[in-house]
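> What follows is a single structure, and I will ask about it in a moment.
The values are calculated or read from the model by the stated rules, or taken from the named source; none is laboratory data. Note that the coordinates shown come from a computational prediction; the quantities given were computed from them, not determined experimentally. Every residue, glycine as well, gets a Cβ built from its backbone with ideal geometry; the counts of neighbours run over all protein chains shown.
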Amino acid sequence: MPSRPAGESQRPGVRRGGAQYERIHGDLARAAAAALARRGYGDLSPEAVASEAGVSPRTAFRHYPTKLDLALAGIDALPDYSGWLEEVVAGESMADRLRRGLLVGAGHDELLAPVMATCLSHRDEQPELLLQLRRRVLKPRERAIGAFLEEGKVRGEIREAVGSTAMSALDVGLFMMGGLGQFPLGRGRRRAQRLFEQIWPVICAPGHEDD
């Protein structure tokens, strides 16, 4: 799956530098993503993130001067799902590709669901969090889903009426429910299969229900 450098977005006051500086920059961003998922934005501690990244709070401050800068870098470090449905395997049905794509996504959803929840809960006082999540994660995910749906329609395996926004909403809604414990999904392959069982019957064309 293609990936982007962690903490890629540039904000006023957020500095960039050489190879070692960039490594620390990325380590802090990934640690911030994990901290956001565990503790939420309200309890995000720059000192704890610095400790997890193996640097001093002073070093972390030089990279990300504010708590918001650090949180936005953490969102940047989340998987954007580019490539999760685009890879083509000879002889594979669209149902099989969806199963494979959901298995890739299942490895990341435990981070994404709680981060999305904290972005939503802080959308009034820190709207930049949700905007960043939409721009860096949700929109690329929706584009990947849109390309998948269009190919499936051409192949006659997906209903013509299904749109990428509706499928994205269904997908995100299911894993958010799973992340909040309202719809237990399990982990790994079990999680991917549970999602597939909910999504495929809604989007498949007649005659492909058992693919």
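> Would you point out the residue of segment 49-105, among those that are among the acidic types (Asp, Glu) and not in a loop (DSSP other than H, G, I, E, B), that is farthest from VAL202 (Cα to Cα)? Talk me through it step by step, then tell me what you get.
In the first step, residues of segment 49-105 are kept if they are among the acidic types (Asp, Glu); the result is 52, 69, 76, 80, 86-87, 92, 96.
Going one step further and asking which of them are not in a loop (DSSP other than H, G, I, E, B), we end up with 52, 69, 76, 96.
Working: GLU52: 42, ASP69: 39, ASP76: 31, ASP96: 15 Å.
The residue in question is GLU52.
> Quick check on GLY146: is it of a type outside the set (A, V, I, L, M, F, W, C) and either surrounded by fewer than 19 Cβ atoms within 10 Å (Cβ to Cβ) or in contact (Cβ under 8 Å) with a residue 60 or more places away in the chain (or both)? Spell out how you get there, then give the answer.
On the way: of a type outside the set (A, V, I, L, M, F, W, C): yes; either surrounded by fewer than 19 Cβ atoms within 10 Å (Cβ to Cβ) or in contact (Cβ under 8 Å) with a residue 60 or more places away in the chain (or both): yes.
Here the answer is yes, as GLY146 does meet what is asked.
Condition check ((1) modelled with pLDDT under 95; (2) closer than 16 Å to LEU112 by Cβ) across all residues:
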{"position": "ALA37", "(1), (2)": "yes, yes"}
{"position": "TYR41", "(1), (2)": "no, yes"}
{"position": "LEU44", "(1), (2)": "no, no"}
{"position": "ARG58", "(1), (2)": "yes, no"}
{"position": "ARG62", "(1), (2)": "yes, no"}
{"position": "PRO65", "(1), (2)": "yes, no"}
{"position": "LEU68", "(1), (2)": "no, no"}
{"position": "ALA71", "(1), (2)": "no, yes"}
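> Kindly provide the set of residues from segment 18-41 that are aromatic (Phe, Trp, Tyr) and assigned to a loop (DSSP other than H, G, I, E, B), ordered by number.
Filtering segment 18-41 for residues aromatic (Phe, Trp, Tyr) gives 21, 41.
If the condition is that a residue be aromatic (Phe, Trp, Tyr) and assigned to a loop (DSSP other than H, G, I, E, B), then TYR41 is the only one that fits.
> Which residue out of MET167, MET176 is at pLDDT 80 or above, crowded, with 17+ Cβ neighbours inside 10 Å and under 17 Å from the mean Cα position of the chain (by Cα)? Reasoning before the result, please.
Working: MET176 fails: at pLDDT 80 or above.
Selected residue: MET167, the only one of MET167, MET176 that is at pLDDT 80 or above, crowded, with 17+ Cβ neighbours inside 10 Å and under 17 Å from the mean Cα position of the chain (by Cα).
> Return the pair list, or none, for Cβ contacts closer than 7 Å from residues in segment 108-137 that are part of a helix (DSSP H, G or I) to residues that are aromatic (Phe, Trp, Tyr), at least 6 apart or on different chains.
ASP109/PHE175; ALA113/PHE175; THR118/TYR41; LEU129/TYR41
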